[in-house]
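Colleague: Sharing a structure here in C-alpha cells format.
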Amino acid sequence: EEEGGGGEMQKKEVAESCFDLLHHSMVETFTAANRAHPERDLEQMGFTVGGKLAERYVRDRTLFADELEVMTFVCKDFWTEVYGKQMDKLRTNHKGVFELQDHRFRAILRVSTGPEGNALEASRKLLIFPCGVIRGALDALGVVATVRAD
C-alpha cells in the first residue's frame, strides 16, 4: 500500500479493474460453456447479486414513498456503490416506464470483438448481468420490473 493521498485511488482502480475482469470472464465462461440457457443464468446471477446488494445498501434507510424514489435511489446511490458512478439520466413517461442511461458504462467502453466479432452482440452479452442486477435491486425494493438494454 502506498503512503500518502494516492493509496485510496490506487485501491479503487484495482478494485474496479478486478470487477471488470470478473464480469467479462463470467460472461465469456457462461456463453462459451455448454449451458442450456447461458443468458438466463447470467441474468439470474445478476438478479441475485442485485437483490442482496440492495438489501444491504438500504438496511439503515427509511422506506421509499413511491417507484420514482426507488428509481432515483437505484440511479444515484445503488449504481454508485456497484459501478462507481451515478447513472447519467433517468427519464419516465409517468405511466410506469423508466429509462435509465449510463453513457460511459465501464463494462462496454472498450468492447473488443476480434477479427470476425460483432461489437453490438458482444455489448449485448455484457449487459445481461447488469440488467439482472438492476432487476434484482428493484425486486428487493418492492418494484417488479422487466429490465432490458437498448
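Colleague: For region 67-150, what is the convex hull volume of the alpha-carbon atoms per residue, in Å³? Show your work: numbers first, answer last.
Modeller: Numbers: hull volume 7.5 nm³, N = 84.
Cα-based convex hull of region 67-150, divided per residue, equals 89 Å³.
Colleague: Looking at the chain as a GNM with Cα springs under 10 Å, which of ARG61, ARG124, ARG35 has the largest mean-square fluctuation?
Modeller: Looking only at ARG61, ARG124, ARG35, the biggest GNM fluctuation is shown by ARG61.
Colleague: Additional query: Provide the per residue accessible area, probe 1.4 Å, for the chain, rounded to a whole number of square angstrom. Before the final figure, lay out the partial values.
Modeller: Numbers: 10030 Å² over 150 residues.
That works out to 67 Å² for each residue.
Colleague: Lys and Arg at +1, Asp and Glu at -1: add these up for the other residues within a Cβ distance under 14 Å of GLY132 and post the number.
Modeller: Values: positive: ARG40, LYS52, ARG124, LYS125, ARG135, ARG148; negative: GLU39, ASP41, GLU43, ASP139.
Overall, the nearby charge balance is +2.
Colleague: Follow-up. Here are a few candidate values for semi-axes √(5λ) of the Cα gyration tensor in Å: (i) 51, 22, 12; (ii) 31, 18, 13; (iii) 25, 22, 15. Which one was actually calculated from the structure I just gave you?
Modeller: Step by step, semi-axes √(5λ) of the Cα gyration tensor in Å for this structure corresponds to label (iii).
Colleague: Considering only protein heavy atoms and a 1.4 Å probe, what is the carbon-and-sulfur percentage of the accessible area of the chain?
Modeller: Exposed carbon and sulfur together represent 50 percent of the surface.
Colleague: Something else now. Suppose we take every Cα in region 28-76 and form the convex hull; what volume per residue is that in Å³?
Modeller: So the per-residue Cα hull volume is 95 Å³.
Colleague: What FRET efficiency do you get for GLN101 and THR29 if R0 is 25 Å and r is their Cβ-Cβ distance, rounded to the nearest 0.05? Don't skip to the end; give the middle numbers.
Modeller: Values: r = 28 Å, r/R0 = 1.14.
E between GLN101 and THR29, to the nearest 0.05, is 0.30.
Colleague: Have a look at MET71, MET26, MET87 and tell me which one the Gaussian network model of the chain (Cα, springs below 10 Å) gives the largest fluctuation.
Modeller: Checking each option, the largest mean-square fluctuation is seen for MET26.
Colleague: Highest GNM mean-square fluctuation, the chain, Cα pairs closer than 10 Å: which of GLU55, GLU121, GLU81?
Modeller: Comparing GLU55, GLU121, GLU81 in a Gaussian network model of the chain, the most mobile one is GLU121.
The values are calculated or read from the model by the stated rules, or taken from the named source; none is laboratory data. Everything numeric here is computed off the predicted structure, so don't read it as measured data. FYI the Cβ positions are ideal-geometry reconstructions off the backbone, even for glycines, and counts take in every protein chain you see. Side chains included, ligands, DNA and RNA excluded: accessible areas come from the protein's heavy atoms. Shrake-Rupley method; radii C 1.70, N 1.55, O 1.52, S 1.80 Å.
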